[in-house]
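The values are calculated or read from the model by the stated rules, or taken from the named source; none is laboratory data. The structure displayed is predicted, hence computed values, not measured ones. Cβ placement follows ideal geometry from the backbone for every residue including glycine, while neighbour counts extend to all protein chains displayed. What goes into the accessible areas is simple: the full protein's heavy atoms, side chains included, and nothing from ligands, DNA or RNA. Shrake-Rupley method; radii C 1.70, N 1.55, O 1.52, S 1.80 Å.
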Amino acid sequence: MRSGRKAFQILLVLETVILIAVLVYGILQMGKAARPVQEAGEHAGEQLFFDGENEENQDLPENTNNSSAVEGEFTEFSPEVDEKLAALTLEEKAAQMLLTTPEALTHNETVNIARSGTRDAINACPVGGLVYGARNFQGKEQTQALLEGVQGYSLERIGLPLFLAVEEIGGNDHSPLAVENSYALQASPAVLGAGGKPEKAAEAGTAIAAYMKAEGFNLNLMPAAGLSKDLAEDQKSRCFGEDTALAAMMLTESVGAFRAGGILTAVGHFPWKGNDKSCPKRIEEWQNSDVLMIQAAVNAGTDMILLGNAAYGELTGEGDIPCSLSANAIGWLRKELAYTGIILTDDLTEESVALQYSVGEAAVAAAKAGADLLYCPTGVEEAYQSLLQAVRDGEIPKKRIEEAVGRILTKKLAMMSEE
(Lines give C-alpha, C1' and ligand atoms only; values in the text may rest on other atoms or scores of the structure.)
Protein backbone atom coordinates (compact mmCIF):
# COMPACT_ATOMS: atom_id res chain seq x y z
CA MET A 1 0.00 0.00 0.00
CA ARG A 2 2.77 2.44 0.91
CA SER A 3 4.66 1.79 -2.33
CA GLY A 4 1.48 2.31 -4.35
CA ARG A 5 0.74 5.55 -2.52
CA LYS A 6 4.31 6.72 -3.00
CA ALA A 7 4.16 5.99 -6.74
CA PHE A 8 0.92 7.93 -6.97
CA GLN A 9 2.48 10.89 -5.15
CA ILE A 10 5.48 10.83 -7.50
CA LEU A 11 3.13 10.83 -10.48
CA LEU A 12 1.29 13.86 -9.12
CA VAL A 13 4.58 15.70 -8.61
CA LEU A 14 5.68 14.92 -12.18
CA GLU A 15 2.39 16.13 -13.62
CA THR A 16 2.67 19.34 -11.60
CA VAL A 17 6.23 19.94 -12.82
CA ILE A 18 5.16 19.41 -16.44
CA LEU A 19 2.24 21.81 -16.04
CA ILE A 20 4.42 24.52 -14.50
CA ALA A 21 7.09 24.08 -17.19
CA VAL A 22 4.57 24.37 -20.01
CA LEU A 23 2.86 27.44 -18.54
CA VAL A 24 6.16 29.21 -17.85
CA TYR A 25 7.40 28.42 -21.35
CA GLY A 26 4.18 29.72 -22.85
CA ILE A 27 4.36 32.96 -20.87
CA LEU A 28 7.99 33.52 -21.86
CA GLN A 29 7.13 32.97 -25.51
CA MET A 30 4.12 35.30 -25.59
CA GLY A 31 6.31 38.27 -26.33
CA LYS A 32 7.48 36.59 -29.52
CA ALA A 33 3.99 36.44 -31.03
CA ALA A 34 3.45 39.41 -33.30
CA ARG A 35 -0.01 40.60 -34.32
CA PRO A 36 -1.12 39.17 -37.65
CA VAL A 37 -0.76 41.09 -40.87
CA GLN A 38 -3.27 40.45 -43.63
CA GLU A 39 -2.48 40.63 -47.27
CA ALA A 40 -5.28 40.97 -49.80
CA GLY A 41 -5.71 37.90 -51.97
CA GLU A 42 -5.47 37.81 -55.73
CA HIS A 43 -7.92 36.89 -58.63
CA ALA A 44 -10.62 34.02 -58.23
CA GLY A 45 -13.23 31.78 -59.93
CA GLU A 46 -16.65 29.99 -59.56
CA GLN A 47 -20.40 30.53 -59.51
CA LEU A 48 -23.53 31.92 -57.87
CA PHE A 49 -24.66 31.49 -54.25
CA PHE A 50 -28.40 31.12 -54.76
CA ASP A 51 -29.06 30.56 -58.44
CA GLY A 52 -26.41 32.15 -60.65
CA GLU A 53 -24.78 31.00 -63.84
CA ASN A 54 -21.95 28.51 -64.15
CA GLU A 55 -18.55 29.91 -64.97
CA GLU A 56 -15.35 28.45 -66.18
CA ASN A 57 -13.24 27.09 -64.16
CA GLN A 58 -13.53 21.16 -14.05
CA ASP A 59 -16.30 23.36 -12.51
CA LEU A 60 -18.67 23.48 -15.40
CA PRO A 61 -20.73 26.52 -16.32
CA GLU A 62 -24.45 26.06 -15.98
CA ASN A 63 -26.17 24.71 -19.07
CA THR A 64 -28.19 27.69 -20.26
CA ASN A 65 -29.47 28.90 -23.60
CA ASN A 66 -28.73 32.57 -23.11
CA SER A 67 -26.74 34.71 -25.51
CA SER A 68 -23.34 34.13 -23.99
CA ALA A 69 -21.48 30.93 -23.17
CA VAL A 70 -20.44 32.54 -19.87
CA GLU A 71 -23.54 33.94 -18.23
CA GLY A 72 -23.63 37.67 -17.65
CA GLU A 73 -20.58 38.41 -19.77
CA PHE A 74 -20.52 40.45 -22.95
CA THR A 75 -17.36 41.50 -24.71
CA GLU A 76 -16.79 45.23 -25.08
CA PHE A 77 -15.37 46.25 -28.44
CA SER A 78 -13.44 49.25 -29.69
CA PRO A 79 -15.31 52.30 -31.03
CA GLU A 80 -14.20 51.33 -34.54
CA VAL A 81 -15.70 47.86 -34.19
CA ASP A 82 -18.91 49.24 -32.66
CA GLU A 83 -19.22 51.67 -35.55
CA LYS A 84 -18.81 48.93 -38.14
CA LEU A 85 -21.23 46.67 -36.27
CA ALA A 86 -23.85 49.39 -36.32
CA ALA A 87 -23.38 49.84 -40.06
CA LEU A 88 -23.99 46.18 -40.91
CA THR A 89 -27.45 44.76 -41.52
CA LEU A 90 -28.65 41.62 -39.77
CA GLU A 91 -28.20 39.74 -43.04
CA GLU A 92 -24.60 40.90 -43.36
CA LYS A 93 -23.84 39.98 -39.75
CA ALA A 94 -25.23 36.46 -40.19
CA ALA A 95 -23.19 36.02 -43.37
CA GLN A 96 -20.00 37.11 -41.62
CA MET A 97 -20.42 34.20 -39.18
CA LEU A 98 -20.06 31.65 -42.00
CA LEU A 99 -16.89 29.98 -43.23
CA THR A 100 -17.42 27.83 -46.31
CA THR A 101 -15.80 26.62 -49.52
CA PRO A 102 -15.82 28.53 -52.82
CA GLU A 103 -17.68 25.60 -54.38
CA ALA A 104 -20.49 25.73 -51.81
CA LEU A 105 -20.78 29.50 -52.12
CA THR A 106 -20.97 29.57 -55.92
CA HIS A 107 -22.52 26.16 -56.69
CA ASN A 108 -19.61 25.25 -58.95
CA GLU A 109 -17.95 21.86 -58.96
CA THR A 110 -14.42 23.30 -58.89
CA VAL A 111 -13.34 26.89 -58.48
CA ASN A 112 -10.07 28.25 -59.83
CA ILE A 113 -11.06 31.60 -61.32
CA ALA A 114 -13.27 34.48 -60.15
CA ARG A 115 -15.68 36.18 -62.50
CA SER A 116 -19.16 37.68 -62.29
CA GLY A 117 -20.62 34.57 -60.65
CA THR A 118 -18.22 34.93 -57.74
CA ARG A 119 -19.09 38.59 -57.39
CA ASP A 120 -22.81 37.80 -57.46
CA ALA A 121 -22.41 35.10 -54.83
CA ILE A 122 -20.54 37.41 -52.44
CA ASN A 123 -23.00 40.22 -53.08
CA ALA A 124 -25.86 37.86 -52.15
CA CYS A 125 -24.13 36.47 -49.05
CA PRO A 126 -20.91 38.24 -47.95
CA VAL A 127 -19.52 35.33 -45.95
CA GLY A 128 -16.81 35.67 -43.35
CA GLY A 129 -14.30 33.42 -45.09
CA LEU A 130 -13.48 30.74 -47.63
CA VAL A 131 -11.48 27.52 -47.30
CA TYR A 132 -9.38 26.32 -50.23
CA GLY A 133 -7.72 23.01 -51.05
CA ALA A 134 -5.62 21.22 -53.67
CA ARG A 135 -8.32 21.27 -56.36
CA ASN A 136 -8.28 25.07 -56.34
CA PHE A 137 -4.54 25.40 -57.04
CA GLN A 138 -3.07 25.37 -60.56
CA GLY A 139 0.16 27.25 -59.99
CA LYS A 140 1.37 30.31 -58.16
CA GLU A 141 0.08 32.98 -60.54
CA GLN A 142 -3.35 31.35 -60.84
CA THR A 143 -3.72 31.03 -57.05
CA GLN A 144 -2.64 34.61 -56.46
CA ALA A 145 -5.13 35.84 -59.05
CA LEU A 146 -7.88 33.67 -57.56
CA LEU A 147 -7.46 35.05 -54.06
CA GLU A 148 -6.89 38.63 -55.15
CA GLY A 149 -10.11 38.55 -57.13
CA VAL A 150 -12.34 37.11 -54.43
CA GLN A 151 -10.81 39.37 -51.79
CA GLY A 152 -11.52 42.37 -53.96
CA TYR A 153 -15.18 41.37 -54.31
CA SER A 154 -15.57 41.16 -50.52
CA LEU A 155 -13.95 44.54 -49.92
CA GLU A 156 -16.14 46.05 -52.60
CA ARG A 157 -19.32 44.49 -51.20
CA ILE A 158 -18.95 44.95 -47.45
CA GLY A 159 -15.71 46.82 -46.83
CA LEU A 160 -14.17 43.84 -45.04
CA PRO A 161 -11.59 41.25 -46.05
CA LEU A 162 -12.36 37.55 -46.17
CA PHE A 163 -10.61 35.03 -44.00
CA LEU A 164 -8.85 33.09 -46.77
CA ALA A 165 -7.92 29.73 -45.32
CA VAL A 166 -6.05 26.55 -46.14
CA GLU A 167 -4.87 23.65 -44.01
CA GLU A 168 -1.14 23.70 -44.65
CA ILE A 169 0.45 21.48 -42.01
CA GLY A 170 3.71 20.27 -43.48
CA GLY A 171 4.73 16.92 -44.89
CA ASN A 172 3.77 15.52 -48.26
CA ASP A 173 0.24 14.44 -47.26
CA HIS A 174 -0.91 17.67 -45.65
CA SER A 175 0.62 20.48 -47.70
CA PRO A 176 -1.71 21.09 -50.68
CA LEU A 177 -0.38 24.57 -51.43
CA ALA A 178 3.29 23.51 -51.36
CA VAL A 179 2.65 20.37 -53.41
CA GLU A 180 0.45 21.94 -56.10
CA ASN A 181 2.36 25.21 -56.43
CA SER A 182 5.91 23.86 -56.07
CA TYR A 183 7.02 25.43 -52.80
CA ALA A 184 9.71 23.83 -50.65
CA LEU A 185 8.05 21.13 -48.58
CA GLN A 186 8.42 21.55 -44.83
CA ALA A 187 8.67 18.64 -42.40
CA SER A 188 5.47 17.32 -40.86
CA PRO A 189 4.73 18.03 -37.17
CA ALA A 190 5.45 14.36 -36.42
CA VAL A 191 8.94 14.63 -37.89
CA LEU A 192 9.56 17.92 -36.08
CA GLY A 193 8.36 16.43 -32.79
CA ALA A 194 10.62 13.41 -33.21
CA GLY A 195 13.56 15.79 -33.52
CA GLY A 196 12.77 17.22 -30.10
CA LYS A 197 13.73 20.82 -30.93
CA PRO A 198 10.88 23.36 -30.54
CA GLU A 199 12.76 25.97 -32.58
CA LYS A 200 12.39 23.72 -35.63
CA ALA A 201 8.61 24.16 -35.39
CA ALA A 202 9.18 27.91 -35.58
CA GLU A 203 11.40 27.56 -38.63
CA ALA A 204 8.80 25.45 -40.44
CA GLY A 205 6.03 27.87 -39.48
CA THR A 206 8.01 30.83 -40.75
CA ALA A 207 8.62 29.15 -44.11
CA ILE A 208 4.99 28.09 -44.56
CA ALA A 209 3.70 31.51 -43.52
CA ALA A 210 5.93 33.18 -46.11
CA TYR A 211 4.55 31.28 -49.09
CA MET A 212 0.97 31.38 -47.79
CA LYS A 213 1.17 35.15 -47.52
CA ALA A 214 2.78 35.43 -50.95
CA GLU A 215 -0.24 33.64 -52.43
CA GLY A 216 -2.76 35.82 -50.57
CA PHE A 217 -3.83 33.57 -47.69
CA ASN A 218 -4.28 34.94 -44.18
CA LEU A 219 -5.49 31.93 -42.14
CA ASN A 220 -4.00 28.48 -41.56
CA LEU A 221 -6.34 25.88 -40.05
CA MET A 222 -3.57 24.49 -37.86
CA PRO A 223 -1.43 23.61 -35.88
CA ALA A 224 -3.05 20.57 -34.29
CA ALA A 225 -3.23 20.42 -30.49
CA GLY A 226 -3.44 16.67 -30.07
CA LEU A 227 -1.28 13.68 -29.33
CA SER A 228 -0.42 11.22 -32.08
CA LYS A 229 -1.31 8.24 -29.88
CA ASP A 230 -4.95 9.36 -29.95
CA LEU A 231 -5.22 9.52 -33.75
CA ALA A 232 -5.71 7.07 -36.58
CA GLU A 233 -2.55 6.00 -38.38
CA ASP A 234 -3.11 8.29 -41.38
CA GLN A 235 -3.59 11.30 -39.08
CA LYS A 236 -0.64 10.87 -36.71
CA SER A 237 1.68 13.06 -38.80
CA ARG A 238 -0.48 16.11 -37.96
CA CYS A 239 0.67 16.10 -34.32
CA PHE A 240 3.97 16.89 -32.64
CA GLY A 241 4.20 13.43 -31.07
CA GLU A 242 3.13 11.79 -27.82
CA ASP A 243 4.94 13.94 -25.25
CA THR A 244 2.57 16.59 -23.91
CA ALA A 245 5.20 19.04 -22.69
CA LEU A 246 7.20 18.91 -25.93
CA ALA A 247 4.06 19.17 -28.07
CA ALA A 248 2.95 22.24 -26.09
CA MET A 249 6.32 23.92 -26.65
CA MET A 250 6.18 23.07 -30.36
CA LEU A 251 2.68 24.58 -30.56
CA THR A 252 3.88 27.75 -28.88
CA GLU A 253 6.70 28.16 -31.38
CA SER A 254 4.49 27.31 -34.37
CA VAL A 255 1.69 29.73 -33.46
CA GLY A 256 4.19 32.51 -32.80
CA ALA A 257 5.94 31.97 -36.13
CA PHE A 258 2.74 32.02 -38.16
CA ARG A 259 1.45 35.13 -36.48
CA ALA A 260 4.79 36.89 -36.88
CA GLY A 261 4.58 36.01 -40.58
CA GLY A 262 1.15 37.57 -41.00
CA ILE A 263 -0.88 34.36 -40.93
CA LEU A 264 -3.69 33.76 -38.44
CA THR A 265 -3.88 30.38 -36.72
CA ALA A 266 -6.84 28.19 -35.78
CA VAL A 267 -5.58 25.66 -33.23
CA GLY A 268 -7.67 22.58 -32.65
CA HIS A 269 -9.40 20.66 -31.72
CA PHE A 270 -10.99 21.64 -28.43
CA PRO A 271 -11.64 19.68 -26.37
CA TRP A 272 -10.64 16.63 -28.39
CA LYS A 273 -9.70 15.42 -31.85
CA GLY A 274 -8.92 11.79 -31.43
CA ASN A 275 -9.84 8.59 -33.18
CA ASP A 276 -13.21 8.36 -31.41
CA LYS A 277 -16.48 10.29 -31.79
CA SER A 278 -16.57 10.72 -28.04
CA CYS A 279 -13.55 11.60 -25.91
CA PRO A 280 -12.67 8.49 -23.86
CA LYS A 281 -10.31 10.27 -21.46
CA ARG A 282 -11.13 10.84 -17.82
CA ILE A 283 -11.24 14.52 -16.96
CA GLU A 284 -7.95 14.41 -15.02
CA GLU A 285 -6.07 12.80 -17.91
CA TRP A 286 -7.59 15.29 -20.37
CA GLN A 287 -6.60 18.26 -18.21
CA ASN A 288 -3.01 17.01 -18.05
CA SER A 289 -2.67 16.45 -21.79
CA ASP A 290 -5.01 18.09 -24.29
CA VAL A 291 -5.78 21.10 -22.10
CA LEU A 292 -2.10 21.91 -21.62
CA MET A 293 -1.63 22.11 -25.38
CA ILE A 294 -4.67 24.33 -25.90
CA GLN A 295 -3.50 26.55 -23.03
CA ALA A 296 -0.08 26.86 -24.67
CA ALA A 297 -1.76 27.99 -27.90
CA VAL A 298 -3.90 30.52 -26.03
CA ASN A 299 -0.80 31.89 -24.27
CA ALA A 300 0.94 32.18 -27.64
CA GLY A 301 -1.94 34.29 -28.94
CA THR A 302 -3.73 31.98 -31.36
CA ASP A 303 -6.37 33.91 -33.27
CA MET A 304 -8.94 31.09 -33.30
CA ILE A 305 -9.70 27.91 -31.40
CA LEU A 306 -11.26 25.14 -33.49
CA LEU A 307 -14.08 23.27 -31.74
CA GLY A 308 -14.21 19.54 -32.31
CA ASN A 309 -17.41 17.66 -33.08
CA ALA A 310 -16.72 14.85 -30.60
CA ALA A 311 -18.98 14.55 -27.58
CA TYR A 312 -17.45 14.73 -24.11
CA GLY A 313 -20.13 14.19 -21.52
CA GLU A 314 -17.64 14.21 -18.65
CA LEU A 315 -16.85 17.85 -19.49
CA THR A 316 -20.20 19.10 -20.75
CA GLY A 317 -22.70 17.02 -18.79
CA GLU A 318 -24.65 16.85 -22.06
CA GLY A 319 -24.24 13.24 -23.13
CA ASP A 320 -23.75 12.83 -26.87
CA ILE A 321 -24.17 16.49 -27.84
CA PRO A 322 -21.16 17.46 -30.00
CA CYS A 323 -18.86 19.90 -28.21
CA SER A 324 -19.13 22.26 -31.19
CA LEU A 325 -22.79 22.74 -30.19
CA SER A 326 -22.25 22.77 -26.42
CA ALA A 327 -22.58 25.94 -24.36
CA ASN A 328 -20.83 24.16 -21.50
CA ALA A 329 -17.78 23.23 -23.61
CA ILE A 330 -17.51 26.77 -24.98
CA GLY A 331 -18.11 28.26 -21.54
CA TRP A 332 -15.28 26.14 -20.12
CA LEU A 333 -12.94 27.43 -22.81
CA ARG A 334 -13.90 31.04 -22.16
CA LYS A 335 -13.90 30.80 -18.37
CA GLU A 336 -11.19 28.33 -17.43
CA LEU A 337 -8.67 29.20 -20.15
CA ALA A 338 -9.68 32.88 -20.32
CA TYR A 339 -9.87 32.65 -24.10
CA THR A 340 -11.25 35.81 -25.71
CA GLY A 341 -10.58 35.20 -29.41
CA ILE A 342 -12.70 33.71 -32.18
CA ILE A 343 -14.21 30.28 -31.62
CA LEU A 344 -14.56 28.38 -34.90
CA THR A 345 -16.55 25.18 -35.29
CA ASP A 346 -15.28 22.17 -37.14
CA ASP A 347 -17.24 20.95 -40.17
CA LEU A 348 -20.92 21.08 -39.16
CA THR A 349 -21.75 18.50 -41.82
CA GLU A 350 -19.51 15.81 -40.30
CA GLU A 351 -21.27 12.55 -39.51
CA SER A 352 -21.13 13.03 -35.74
CA VAL A 353 -23.22 16.18 -36.19
CA ALA A 354 -25.21 15.29 -39.31
CA LEU A 355 -26.67 12.14 -37.76
CA GLN A 356 -28.44 14.34 -35.22
CA TYR A 357 -28.92 17.72 -36.91
CA SER A 358 -29.45 19.28 -40.31
CA VAL A 359 -26.82 21.85 -41.24
CA GLY A 360 -29.30 24.62 -40.46
CA GLU A 361 -30.11 23.18 -37.05
CA ALA A 362 -26.42 22.69 -36.30
CA ALA A 363 -25.59 26.28 -37.26
CA VAL A 364 -28.29 27.64 -34.99
CA ALA A 365 -27.28 25.37 -32.10
CA ALA A 366 -23.59 26.32 -32.45
CA ALA A 367 -24.36 30.03 -32.56
CA LYS A 368 -26.64 29.77 -29.51
CA ALA A 369 -23.93 27.86 -27.65
CA GLY A 370 -21.41 30.65 -28.19
CA ALA A 371 -19.48 29.79 -31.37
CA ASP A 372 -18.49 32.80 -33.47
CA LEU A 373 -17.52 31.37 -36.87
CA LEU A 374 -19.38 28.38 -38.32
CA TYR A 375 -17.71 26.09 -40.85
CA CYS A 376 -20.25 24.81 -43.36
CA PRO A 377 -18.40 23.32 -46.35
CA THR A 378 -21.80 22.38 -47.80
CA GLY A 379 -25.30 23.65 -47.08
CA VAL A 380 -24.16 27.20 -46.47
CA GLU A 381 -27.39 28.68 -47.84
CA GLU A 382 -29.45 26.60 -45.38
CA ALA A 383 -27.19 27.62 -42.50
CA TYR A 384 -27.50 31.29 -43.48
CA GLN A 385 -31.28 31.27 -43.75
CA SER A 386 -31.62 29.28 -40.52
CA LEU A 387 -29.49 31.78 -38.60
CA LEU A 388 -31.58 34.68 -39.89
CA GLN A 389 -34.85 32.97 -39.02
CA ALA A 390 -33.63 32.03 -35.54
CA VAL A 391 -32.75 35.65 -34.82
CA ARG A 392 -36.06 36.94 -36.20
CA ASP A 393 -37.94 34.38 -34.09
CA GLY A 394 -36.01 35.31 -30.96
CA GLU A 395 -34.39 31.89 -30.67
CA ILE A 396 -30.94 33.50 -30.96
CA PRO A 397 -30.72 36.86 -29.14
CA LYS A 398 -29.36 39.68 -31.27
CA LYS A 399 -26.76 40.26 -28.56
CA ARG A 400 -25.27 36.81 -29.34
CA ILE A 401 -24.88 37.76 -33.01
CA GLU A 402 -23.34 41.12 -32.08
CA GLU A 403 -20.89 39.34 -29.80
CA ALA A 404 -19.79 36.85 -32.45
CA VAL A 405 -19.50 39.36 -35.26
CA GLY A 406 -17.74 41.83 -32.96
CA ARG A 407 -14.93 39.33 -32.43
CA ILE A 408 -14.71 38.69 -36.18
CA LEU A 409 -14.62 42.43 -36.94
CA THR A 410 -11.98 43.02 -34.26
CA LYS A 411 -9.68 40.63 -36.09
CA LYS A 412 -10.52 41.88 -39.57
CA LEU A 413 -10.15 45.57 -38.78
CA ALA A 414 -6.80 44.84 -37.14
CA MET A 415 -5.72 43.01 -40.28
CA MET A 416 -6.71 45.98 -42.42
CA SER A 417 -4.91 48.50 -40.21
CA GLU A 418 -1.67 46.52 -40.42
CA GLU A 419 -1.53 46.21 -44.20
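Compared with the alpha-carbon gap, the fully stretched path from Ala134 to Leu155 is longer by 5.1 nm at 0.36 nm per residue. Proximity of backbone amide H atoms, modeled 1.01 Å from N, is registered between Phe270 and Leu306, Leu307, Gly308 at under 5 Å, excluding neighbours fewer than 5 places apart on the same chain. Rounded, prolate or oblate: which one fits segment 71-208, using the alpha carbon gyration tensor with axes a ≥ b ≥ c (rounded when a/c is under 1.5, else prolate when a/b beats b/c, else oblate)? It comes out oblate by the Cα gyration axes. As a rough guide to protection, the peptides 320-327, 166-173, 120-127 ranked by mean Cβ packing within 10 Å, highest first, stand as 320-327, 120-127, 166-173. Taking a Cβ cut-off of under 13 Å around Gln385, the surrounding Lys, Arg, Asp and Glu residues balance to a net charge of -4, with basic ones at +1 and acidic ones at -1.
Computed over protein heavy atoms with a 1.4 Å probe, the carbon and sulfur contribution to the accessible area of segment 129-225 reaches 50%. All distinct Cα pairs of segment 102-172 go into the 1/r average, and the inverse of that average, the Kirkwood radius, is 12.5 Å. Solvent exposure of segment 147-200, expressed per residue, is 38 Å² of accessible area, with all protein chains present and a 1.4 angstrom probe. Antiparallel DSSP bridges in segment 213-322: what percent, to the nearest 5? The antiparallel proportion sits near 10 percent. Sequentially through segment 79-95, phi angles give Karplus couplings (6.51, -1.76, 1.60; θ = phi - 60°) of x, 5, 5, 4, 5, 5, 4, 5, 7, 7, 7, 4, 4, 5, 5, 4, 5 Hz, Gly and Pro residues having no value and appearing as x. In a fully extended conformation the segment linking Asp320 and Ser116 would gain 69.1 nm over its present Cα-Cα distance, using 0.36 nm per residue. For segment 246-357, the square roots a ≥ b ≥ c of the C-alpha gyration tensor eigenvalues yield an a/c of 1.5 or more together with a/b exceeding b/c, which makes the shape prolate.
Based on the convex hull around the alpha carbon atoms, segment 331-419 presents an average projected area of 6.8 nm².
The residues of segment 202-274 expose, per residue, 25 Å² of accessible area to a 1.4 Å probe.
Over the Cα atoms of segment 137-227, the radius of gyration divided by the Kirkwood radius equals 1.03; this is the Rg/Rh ratio. The overall shape of segment 264-330, judged from the alpha-carbon gyration tensor, is prolate: a/c is not under 1.5, and a/b is greater than b/c. For the listed peptides 251-257, 345-351, a ranking on the average number of other beta carbons within 10 Å per residue, highest first, reads 251-257, 345-351. The convex hull drawn around the Cα atoms of segment 138-288, when projected onto a plane and averaged over every direction, covers 9.8 nm². Spin-label model, Glu351 to Glu141: label points 7 Å out along the Cα-to-beta-carbon direction sit 4.4 nm apart. With 0.36 nm allotted per residue and the present C-alpha distance subtracted, the Lys398-Lys229 stretch has 56.6 nm of extension available. Shape index of segment 92-143: Rg/Rh, with Rg the Cα radius of gyration and Rh the Kirkwood radius from the inverse mean 1/r over Cα pairs, equals 0.98.
Estimate the FRET efficiency between Glu382 and Thr75 by the formula 1/(1 + (r/R0)^6), using the beta-carbon distance for r and 25 Å for R0, to the nearest 0.05. Working from the Cβ atoms, E equals 0.35.
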